[in-house]
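What follows is calculated from the coordinates using simple rules that are stated; it is not laboratory data. These numbers come from a predicted model, not from an experiment. A quick note on method: Cβ atoms are made from the backbone with ideal geometry, for glycine too, and the neighbour counts reach across all protein chains shown.
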Amino acid sequence: MRIVGGKYRNRRLHPPHEMEARPTTDFAKEGLFNVLQHSVALDGIRVLDLFAGTGNISLEFLSRGAVEVISVDQDRDLYAFMQRTARELNETGWRMVKGDVFTFLGSHRGLYDIVFADPPFHLENIERIPTLVRSAGLLGEEGTLILEHHEKLDLSALPGYQRTRKYGLIHFSFFGP
């Protein structure tokens, strides 16, 4: 697993071998960030990364100029891995929250330019995430929610839905505020 662009480009990440996360593939990340670079100014943005896992998406945003990224994951080992990585990179704009994403969404307040969510594909009720993010008021006026999901899930009927981009079996659905 590596960072595909920006100041950390080609930096390899070595997460714990026993992790149960499913990191976004380099192919899908490249596709996603190609879309974002042509539609959103990434420099100076605030990002919320839900189900952050290894933090590889968080690092992509930081590598490309995000000023602040908050990464939320409940796994103790992955949380420790993200903290260790942030220390190694001396990355001061990266904060981690160890906790359940749904509990976090119920209590957190803040405005973000991008909210990225990559829940486990087997998680039930993934389709409620856009509603929870919108209800919590986390998207700025021009904000975007990006939900990564498997190909069998169709989110096009949800409020705020804009489009879906497909990269193999990985789909990214985009939602507005």
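Tell me, what ³J(HN,Hα) does each residue in region 158-175 have, in order and in whole Hz, if you take phi through Karplus 6.51 cos²θ - 1.76 cosθ + 1.60 with θ = phi - 60° and put x for Gly and Pro?
6, x, x, 4, 10, 6, 10, 10, 10, 9, x, 7, 8, 10, 10, 9, 9, 10
Pulled fully out, how much extra length does the chain show between SER39 and THR164, if you take 0.36 nm times their separation in residues and subtract their Cα-Cα distance?
Extra length available between SER39 and THR164 comes to 43.6 nm.
What does the highest-first list of 48-59, 77-88, 150-161 look like by mean Cβ count within 10 Å? Write out the running numbers ahead of the final one.
Numbers: 48-59: 26.7, 77-88: 17.4, 150-161: 12.5.
Final packing ranking: 48-59, 77-88, 150-161.
Over the chain, what is the percentage of antiparallel beta bridges among all DSSP beta bridges, to the nearest 5?
About 40 percent, rounded to the nearest 5.
Considering only C-alpha atoms, what is the centroid distance from region 114-177 to region 36-69, in Å?
16 Å
So, counting K/R as plus one and D/E as minus one, what does the shell of residues with Cβ under 10 Å around PHE61 add up to?
-2
Excluding same-chain residues fewer than 8 positions from LYS166, which aspartates and glutamates have a Cα within less than 13 Å of its Cα?
Output for LYS166: GLU30, GLU148, GLU151, ASP154.
Taking the alpha-carbon distance from LYS152 and a cut-off under 19 Å, which aspartates and glutamates remain once sequence neighbours fewer than 8 residues away in the same chain are dropped?
The reachable aspartates and glutamates, counting only those whose Cα sits under 19 Å from LYS152, are ASP118, GLU124, GLU127.
What is the Å³ per residue value for the convex hull set by the Cα atoms of region 25-175?
106 Å³
Kindly provide the helix-only [θ] at 222 nm of the chain, computed as the sum of -39,500 (n - 2.57) over DSSP H runs of four or more divided by all residues, to the nearest 500 deg cm²/dmol?
-8000 deg cm²/dmol
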